[in-house]
Amino acid sequence: MNSTAPPMLTLAGLSAGYGSFQVLFGVSMEVRAGESVAVIGPNGAGKTTLLRAISKLIEPTAGQLSMEGQRYEALPAHQVISRGIAQVPEGRRLFPRLTVEDNLRMGAFLPAARPHFAQRLERVYSLFPRMKERRLQMAGTLSGGEQQMCAIGRALMSGPKLLLLDEPSAGLAPVVVQSIFDVVRKMGAEGYTVLIVEQNIRQVLKVVDRAYLLETGRIHASGSAADLLANDAVRRAYLGV
């Protein structure tokens, strides 16, 4: 990771919500190229809303969104992926009656991604060998952990500069959760830029570079993963120590 490079993603004073219900209040943060960054915090803190605002699935009510120094808060949602942002939604949202490989193919629907399909498919299969074994299986018949791998792989097929992961461990058995976080660590080692929203704070802080603590729609702390793991307030409130 090049700490002198300009940020890949910058949020400045971002506010957002649903109708008259405000969820985010002036959130500012950044993610640099090659970093893995977590947004941690309790249920209802606004973590998913933050990712939805970054993806423009909801319109921010105030603040700025920039990708590689270019502001994009005026961009419609369907154009955000062409800026290099791909999101793996909570709940995975696969096409259950399509095969694994056809789900992955859907991730490469952008005209710019199609020429790279074969190369990216091999990269996804190297990251997730089980997906190669299951490539002709219907996605709806996969286990929860395999579905999560397929959803991450589908997002990677667009060749994103920034991958957004929304609660990737949600609803998965503990042994499977570990394998998902191993994948996050591996993606970081391979140079992917990842912003991950996660309630499993102890696990996620072991695999990311930095983290932001979001509580009631505001950033309350930030720093290296090691710093937050050692933070007394974080340990008391979220780690039970």
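Taking the chain as a Gaussian network of alpha-carbon nodes connected by springs under 10 Å, the highest mean-square fluctuation of the residues V183, V124, V175 belongs to V175. The calculated FRET efficiency for the pair L75 and A12, based on their C-beta separation and a Förster distance of 22 Å, comes to about 0.85. For the chain, modelled as a GNM whose springs connect Cα atoms under 10 angstrom apart, the maximal fluctuation among L11, L98, L164 occurs at L98.
Which residues does a label at M106 reach in region 157-188, if reach means a backbone N under 14 Å from a point 7 Å past the Cα toward the Cβ? Backbone N within reach: 157-158.
The angle between the Cα long axis of helix 174-189 and the longest principal axis of the Cα atoms of the chain comes to about 90 degrees, rounded to the nearest 10. Descending by average beta-carbon neighbour count within 10 Å, the peptides 84-93, 110-119, 37-46, 148-157 line up as 148-157, 37-46, 84-93, 110-119, the highest first. Based on alpha-carbon atoms, the Kirkwood radius and the radius of gyration of region 1-91 give Rg/Rh equal to 0.94. Relative to the dominant Cα principal axis of the chain, helix 117-127 is inclined by about 70°. For region 204-241 versus region 53-126, the inter-centroid distance based on Cα atoms is 28 Å.
At 222 nm, what value in deg cm²/dmol follows for the chain if DSSP H runs of at least 4 each add -39500 (n - 2.57) and the sum is divided by all its residues, to the nearest 500? Using -39500 (n - 2.57) per qualifying helix, the result is -8500 deg cm²/dmol.
Given +1 at the Cβ of Lys and Arg, -1 at the Cβ of Asp and Glu and no other charges, the dipole of region 1-155 around its Cα centre is 420 debye to the nearest 20.
Within the chain, the ratio Rg/Rh, alpha carbon atoms throughout and Rh by Kirkwood, equals 0.95. If you run the Gaussian network model on the chain, springs between alpha carbon atoms under 10 Å, then out of T48, T193, T141 the most flexible one is T141.
Stretching the chain fully between R97 and S143 yields a gain of 15.1 nm (0.36 nm per residue, less the alpha carbon separation). Cα axis of helix 144-156 to longest principal axis of the chain: angle in degrees, 0 to 90, nearest 10? Around 90 degrees separate the two axes.
Computed from the coordinates by the stated procedures, all read-outs in this text should not be read as laboratory data. Note that the coordinates shown come from a computational prediction; the quantities given were computed from them, not determined experimentally. Glycine gets a Cβ as well: all are built from the backbone with ideal geometry, and neighbour counts include every protein chain shown.
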